[in-house]
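Okay, so here's the structure we're looking at.
The values are calculated or read from the model by the stated rules, or taken from the named source; none is laboratory data. The structure presented is a predicted model; accordingly, all values stated were derived computationally and were not measured. All Cβ positions, even for glycine, are placed from backbone atoms using ideal geometry, and neighbour counts span all protein chains on display. Quick note on the areas: whole protein, heavy atoms, side chains included, nothing else; ligands and nucleic acids left out. Shrake-Rupley method; radii C 1.70, N 1.55, O 1.52, S 1.80 Å.
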Amino acid sequence: MDLLLLDLVIVLAAARLFGAAARWLGQPPVIGEIVAGILLGPTLLGPLIGDTLFGPEMRPPLQALANVGLVLFMFIVGLELDQKLVRGKGRLAVTVALGSTVVPFVLGCALALAIAGEHVGGDKTLPFVLFMGAAMSATAFPVLARILTDRGMQRITLGGLSLAAAAVIDVLAWTVLAVVVGLAGAGEAEGQWKVLLALPYALVMFLVVKPLLARLVPAYEKAGRLTPGLLSLVLIGLIASSWATEWMHVHYIFGAFVFGAVMPREGAERLNHEILERLEQLAVLLLLPMFFVVAGLNVNLRELDLSSLGTLAAILAVAIGGKMLGSYAAARTQRLPNRQSWAMAALLNTRGLTEIVILTVGLQKGVLDNELYSLMVVMALVTTGMTGPLLRRLYPDRRVARDIAEAERAALGVTAAHRVLVIVPDPPAAQAPLVGLAAALATAKSPSEVVLGHLRPYPKGRLEVGSGLSSELAELAETLHDLEVLAGTARERGAAARVVSRFSANVADELPELASGAQPDLLVLPAGLPGHATVRDGVTCRVVTVSAHVPAGPDAVPAPVAVHHGAGGDAAAHVALILAVLEDRPLVVTGGSRASALAQRLAKLGVAATAGAVPEGALVVAADTDDAPEGAHLLVRAEQDADPVDWAEAVSALRPLVSRP
């Protein structure tokens, strides 16, 4: 007992230390926890110290505690999963799961055939080939869940879809593993038919158990708190569900996750919050790190040989390339945006613990030798370690924060208006074309809001009422009247409009604060504005700079819209498309082969678009870059982390607005 308690102290201290180090390096803590386990095992301590501290007699109790921690954690993940995120997207999740499984599975089998002679022989060839395919196609469901929860991504659509796809992937991987075990030895194949019960089990959970669990809500409301009896019922159901899936040779983590997913949602917010409060700290802070450390104890990297680097390179190429390309291609076939598709591919490339568990089974069954086992463990750590940095590059924290905010608003039933901030210079009465442009861009999305921002200069110094402010107040009143007239023109176009106006001792210094404080989705401002560059660079949204007088719009003969489609991205072309479609103007795309391809694509979508030179009198739109053409009326800077424009979706979104009164 004293050795068990000492082991617990060492394991938990190492998990906290290495987890904190991994977080400091920008990695998920789970990486540090797995590395801690590897270093505590024979890799660093060797058989003498390692067997003394973590010998064969100590592994079972440590493993049992670790498994309980994983059960609780996967239940929490299932309970916190917002099922609205994947509702109606089951086809997408299954398609991505198939692409993420089939491509690396086939490539893994091909690689296994190439190296089979060096590592296995005779009757082990077929199990070895299938095993390598399954190992290459696996995704670490618990590690992926941990990475998502560390960044809060389980609350957004991308996280929910990734978890759903990973669940399908791992069911396929465990199914293939069951077949491999059956082929590896007749006696060991006993009971593998139970995998076929996974589908009936899922139906029972969602059609029978879920309605029964809904009765917990009135019992909780009657008691007014989470009683020990209610919590015991939840824990009994959780452990029974985990046992059922383990008995079916699927894996107990799926039973825990599914039980969390079938917990009641409607009216059960307080109940679920109390359950999480009771279980989360115990699972995440105490037992779960132990699971990852104990898994690392079973890894021995001392057997790596420099002569195996070629095989390791091939394994990494197949594992990373097959997984990423298969996932990305499948996601794109379901019209998932480019950035989200790559982010999902990076997430599903996570191997981690699931891979190590699968590899351990292969080693125990004699399908893998020690050398190949060690190489595959390195692959598991590399693919898991690259997930965090790659995900932050593909899907930065500010994108995650934006998606979380949108998900929270959607949960509250609040639809955020598409906000366009237009900075109105003096004199406001002459700025009708500027506000009209902002209104046109605002109404491209619904609901929309135009904010007219105006700062009236006033000399520095203390304002004294006795000195007479009647003239200044009269000017301010006149300015507000003019701004309200402009706001009325925006409202006539279908956008809500409001005015923000005040005195300013230094317009150039205060405009950036006004712009960032409004949190716009689009900023429209004139080029000659005081501190223009500071205002433009102080926001992360799309910015349209009006650098010249805008040619007449729909009240006169519609001027064509010409866009220079160069290296500045799609933002300028998107702005030009909005103006052309909403104001019934012809669209001309200039800029070479890319321009011609875009014009043809838009023409096929029903837009009056052609490629060629800029027509005389056209409204010229260009990207706000150093190579922008002279004479451009509108310069467009894309928002930070901009996605490529889906032109078919953009055109279809504008069509209903054309006939709107």
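Structure values in brief
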item	result
Solvent-accessible area, 1.4 Å probe, carbon plus sulfur percent, for the range 597-637	51 percent
Cα centroid of the range 210-266 to Cα centroid of the range 343-393, whole Å	31 Å
Packing-based ranking, highest mean first, of 537-546, 389-398 given that Cβ atoms within 10 Å are counted	537-546, 389-398
Under 5 Å, built H, 5+ apart or other chain: amide partners of V262	none
Ranked by how many other beta carbons lie within 10 Å on average, peptides 574-583, 7-16, 197-206 from highest	574-583, 7-16, 197-206
Principal axis box of the range 481-520, alpha-carbon based, largest edge first, Å	33, 23, 10
Whole-angstrom gap from the range 92-116 to the range 603-637, using each part's C-alpha centre	45 Å
Extension gain, E649 back to E616 (0.36 nm per residue minus Cα-Cα distance, nm)	8.8 nm
Rg over Rh [alpha-carbon atoms, Kirkwood Rh] for the range 573-655	0.93
Protection proxy ranking, peptides 30-37, 131-138, average beta carbon neighbours within 10 Å, highest first	131-138, 30-37
Surface per residue (accessible, 1.4 Å probe) for the range 568-617, Å²	44 Å²
